Each structure stands twice: as structure tokens, then as C-alpha cells.
1. How would you classify the range 279-342 from its alpha-carbon gyration tensor, with a ≥ b ≥ c the square roots of the eigenvalues: rounded for a/c under 1.5, else prolate if a/b is greater than b/c, otherwise oblate?
2. Give me a comma-separated list of calculated 3J(HN,Hα) values for the range 219-233, in order, Karplus coefficients 6.51, -1.76, 1.60 applied at θ = phi - 60°, integers in Hz, x for any Gly or Pro.
3. Which whole-Hz couplings ³J(HN,Hα) result when phi for each residue of the range 72-83 is put into the Karplus expression 6.51 cos²θ - 1.76 cosθ + 1.60, θ = phi - 60°, listed in order with x for Gly and Pro?
4. Mind checking the range 272-342 for GluC sites (Glu not before Pro) that DSSP puts in a loop (not H, G, I, E or B) and that have at most 10 other Cβ atoms within 10 Å?
5. With unit charges on the beta carbon (Lys/Arg positive, Asp/Glu negative), name the residue among 94, 24, 325 whose Cα is farthest towards the positive pole of the charge dipole of the chain.
6. Name the helices (complete DSSP H segments) of the chain with a Cα length along the long axis of 20 Å or more and a Kyte-Doolittle mean of at least -1.0, or state none.
7. What spacing in nm lies between the two simple spin-label points modelled at residue 3 and residue 291, each 7 Å away from Cα in the Cβ direction?
8. In the range 100-238, carbon and sulfur make up what percent of the accessible area (probe 1.4 Å)?
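The values are calculated or read from the model by the stated rules, or taken from the named source; none is laboratory data. Keep in mind that what you see is a predicted model, and the values were worked out from it rather than measured. FYI the Cβ positions are ideal-geometry reconstructions off the backbone, even for glycines, and counts take in every protein chain you see. The accessibility values were calculated without ligands, DNA or RNA, using every heavy atom of the protein model including side chains. Shrake-Rupley method; radii C 1.70, N 1.55, O 1.52, S 1.80 Å.
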Amino acid sequence: MTWTAPEHWLRVETIDAHTEGEPLRVIVAGFPELAGDTVLARRRVARSDHDKLRRALMWEPRGHADMYGCLVMPPVRPGSDFAVLFMHNEGYSTMCGHGIIGVAKIAVEAGWIDGAGGERSVTIDTPAGLVRATAILEGERVREVRFLNVPSFAPALGRALEVEGLGAVSYDLAFGGAFYAYVDADALGLSLTPGGAADLIDAGRRITRAVSSSARGEISHPDDPDLGFLYGTVFTGAAVDAAHHSRHVCIFADGELDRSPTGTAVSGRLAILHARGEHSGDAEIIVESIIGGRFSGRVVDTTSVGGYAAVVPEIGGRAWVTGRHEFLVDPEDPWRDGFLVR
């Protein structure tokens, strides 16, 4: 039995995957070409001219409140393989570690990247800057992806503020491709397990709003004002596996809960640990997610960003392809642009 959509319907092709449990919808065809000679410029065009399509692909009925996406675009820098624009339930993020891992795996396994041997280099333009990934193969399959993230730094340590419904909250502020407030979960009586998800989302939203208002001057990137916003709150705590360093739960965008340990958050955490003198050299740490997924992280170099001491982190993780899709948009569908219940 076959069914064919009318020719005038919009068609969008994707390859779907997940990275340590966190979804990634990679858009490979059907999204309008975005003008701009930087990814941040293209991000502005997507936000102003094509946001209905983001909502249609991320929101219900094609997606859900915690869906995450990645648009593959032509590169903007000489020598880059391609550019990416990350998207979610609220808009467009500036960098995404789980997205880099997932799209690099797809790029290698789909044959977008030429090469031979057990490792393939994938160079990707992101809104936050150039990211260099290495796909590690077993036969024809990518077993793991490691990437050198953008320089990460911690502009504020040991801050505290009053948060409605939570009382006094202590936090660190760091940038790992996006800005996050890092908060100890135990101090607020929060459980970093699936059973604590609703409380984590509520607290994360409250803290993000409060820190965004109170620390506006410190949430600023020296290289581009478009990077200067608080993306979310990262709750930290003890790892379930004693061999691992810690556990992360990141609440970002409009209450999205990351199922992975969040690559940009691990990058920012390394910057915090380095600034506090709690991490030295290139020792690797393993950070768990709310469902037990894990990312590796290590510092491969130190540098500076503006007036801030910074680290260059390497993050590693695994991804799996879950499907290929042709999404259709019926122009007569009253919910064609998507909706969210949560």
C-alpha cells in the first residue's frame, strides 16, 4: 500500500539519533537556505524568518517538549566540513555537545566525510565558534566521538541570590559554548534521578530567571553579544557509579531536561574546576546523566577569552541513529506549525 502527499505540501527530510539518550533530529533537506556569512547571522535569519518551521519540527505532533534539532548547512570558514544550527523548544542554541557528537557520527557513517582508517576528523562551524571533532570507528561504525570545544571560562564563582520558592541559592557561572548557572542539587534537596524530574525542571526555571536578572553584567561574551545570555541551570551532585566524577542534570531553554550529561555543561564544569584548582593537567573525568549516560571530559590546553582565564576542553560520548524521516506539512492543517501542551 502506498500513499503520496500532494506536490504543494512542504517536505523536510531528517536523520534522527540520540546521544547518550538525548534526542537529535538532524535536518538534511527541505529547510530554506539561510543567508549570512557567519552561523550567528544565519541564526538571526532563522529566528526572524523561519521560526514556524522550527516549531513544526520540534513541537508536537512531530516532536515534543524535550525535542532537540540540528540543521546542517554549508560551511562558513575555509576548511570546515559543514555548519550547524542547533534548535530546541524555545529557539536556537549557540553550541551543543550532544549535537556535535550525534551529527559527527551521522556525517561519517553517511559518507559526508572522506577518509580511511580508524579515525575521521570532522570540522564543524557552530554559532559559538569552530569545533573539531574526531570520530573513532570500529569497522564502518562510529563507536565514539570526541571533540575540542570552544574555549570555556568561569566569570563568576561562589555567587548567591534569593530565588522565589527556593530561598538562598549559591551558584557558579560558566561558559562552555553557552552560559550556565551551576547549582549543587543536595543543597536544595533535589534528586538527580528520573523521579525528581518535575522538581528539577521547576527549580531550574526559577534559578535561570533569577540569575538572568541579577547577573546580567557577567553573562557577556567578549567575542559576540549574541552569545551573552543564560541558557540554563546545571544541577550537580555525586555520581551513582563511584568510578565517575559527578552527575549533571541540565535544565535549559523552556524547561527542557537534557537526558545526556550536556557537553557544553561538562565544558563549563571543567572551567570551574580548573579555576578553583580542583582539576589539573589533562586528567579525564566522567560525568553521568539523569539516566546514567556518560560523557568524558578533559582539559587539553589553557588560553584566555577577553580578560578571563579559559580552558580548551575535549568532550567524548556515544550516539545511535534511530530513524530516517520525511516530515510533511499540510497547509490546511490547523496545527501545522506545532504546539506544546507542557
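1. Taking the square roots of the gyration eigenvalues as a ≥ b ≥ c, the range 279-342 is prolate.
2. 8, 9, 9, x, 8, 7, x, 5, 8, x, 8, 7, 7, x, 10
3. Per residue, the Karplus-derived 3J(HN,Hα) values read 8, 9, x, x, 10, 10, x, x, 7, 7, 6, 10 Hz.
4. Within the range 272-342, the qualifying GluC sites (Glu not before Pro) (loop, at most 10 other Cβ atoms within 10 Å) are 278, 332.
5. 94
6. 197-214
7. Placing both labels 7 Å beyond Cα along the Cβ direction yields 2.8 nm.
8. 45
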